[in-house]
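This report concerns only the one structure given below.
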Amino acid sequence: MVRWMDETDLEAVADLERMSFSLPWSRDMIKDGFTKGLDRFLICEQEQEAAGYICFRYFEEEGEIERIAVHPRFRGMGLGRKLMEAMEEYVKGKGVANLTLEVRAGNEKAIKLYESCGFVKEALRRGYYRKPVEDAIIMWRRGI
């Protein structure tokens, strides 16, 4: 089940961050994005727990996926796709026509997911990521 995040999910999202990213967002950063309302968070539940989440924002016709993470125990079950589809359905209803994201060049599983969701590689930011240093691929999905 995909649902909107609420404040009781902050700890679970912070845990997912630590499991999924070499430079995770802190609980305070997540809370700040959540409470200020600029960022939107969807949670995917599995076995009565937050198994994954997506963080995105949008302004007028353009949206950006900022984070997406799935608990290692639940990877390979299509939860990332469910989160992407729920996010897309929501932003389309808000008039968003184009979505962008950035992904580590070596994150082949994520790139395959994004490509299967209609995203196309359009640019490269050399040495963008840290821990380890790696290029970022900028991807777009235009005309959703």
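What follows is calculated from the coordinates using simple rules that are stated; it is not laboratory data. Because the structure is predicted, anything quoted here is derived from the model rather than measured. Don't worry about glycine lacking a Cβ; one is built from the backbone with ideal geometry, like all the others, and counts go over all protein chains shown.
Couplings 3J(HN,Hα) of the range 102-112, computed from phi: 10, 8, 4, 4, x, 8, 4, 5, 5, 4, 4 Hz, in residue order, whole Hz [Karplus 6.51 cos²θ - 1.76 cosθ + 1.60, θ = phi - 60°; x for Gly and Pro].
Rounded to the nearest 20 debye, the dipole magnitude of the chain is 480 debye, with +1 charges on Lys and Arg beta carbons, -1 on Asp and Glu beta carbons, and the Cα centre as origin.
Students often get this wrong: which residues of the range 18-56 have the backbone nitrogen under 16 Å from the point 7 angstrom along Cα-to-C-beta of K109? Within reach of a label on K109: 18-22, 51-54. For the Cα trace of the chain, dividing Rg by the Kirkwood Rh returns an Rg/Rh value of 0.93. For the range 65-144, list log₁₀ I(q)/I(0) at each q in 0.10, 0.25 Å⁻¹, using the Debye formula over Cα point scatterers of equal strength and ignoring solvent, two decimals each. Taking Cα atoms of the range 65-144 as identical point scatterers yields -0.25, -1.27. The phi torsions of the range 117-127, fed into the Karplus equation with coefficients 6.51, -1.76 and 1.60 and a -60° offset, translate into couplings of 9, x, 7, 10, 5, 10, 7, 9, 10, 5, x Hz, rounded to whole numbers, with Gly and Pro shown as x. Computed over the alpha carbons of the range 46-108, Rg followed by Dmax gives 12.8, 36 Å.
Peptides 61-69, 92-100 ranked from most to least packed give 61-69, 92-100, packing being the mean of other C-beta atoms within 10 angstrom over each peptide's residues. Mean silhouette area of the range 1-58, derived from the convex hull of its C-alpha atoms and averaged over all directions, reads 3.9 nm². What the Cβ-Cβ distance of K121 and E49 gives, at R0 = 22 Å and to the nearest 0.05, is a FRET efficiency of 0.05.
Under the criterion of Cα pairs below 8 Å and six or more residues apart, the relative contact order for the range 75-142 equals 35 percent. Residue by residue, the range 11-25 carries 3J(HN,Hα) couplings of 5, 5, 5, 4, 5, 4, 4, 5, 6, 10, 10, 6, 10, x, 5 Hz when phi is fed to the Karplus relation 6.51 cos²θ - 1.76 cosθ + 1.60 (θ = phi - 60°); x denotes Gly or Pro.
Each label point was placed 7 Å from the Cα along the Cα-to-Cβ direction; for T100 and I138 their separation is 0.5 nm.
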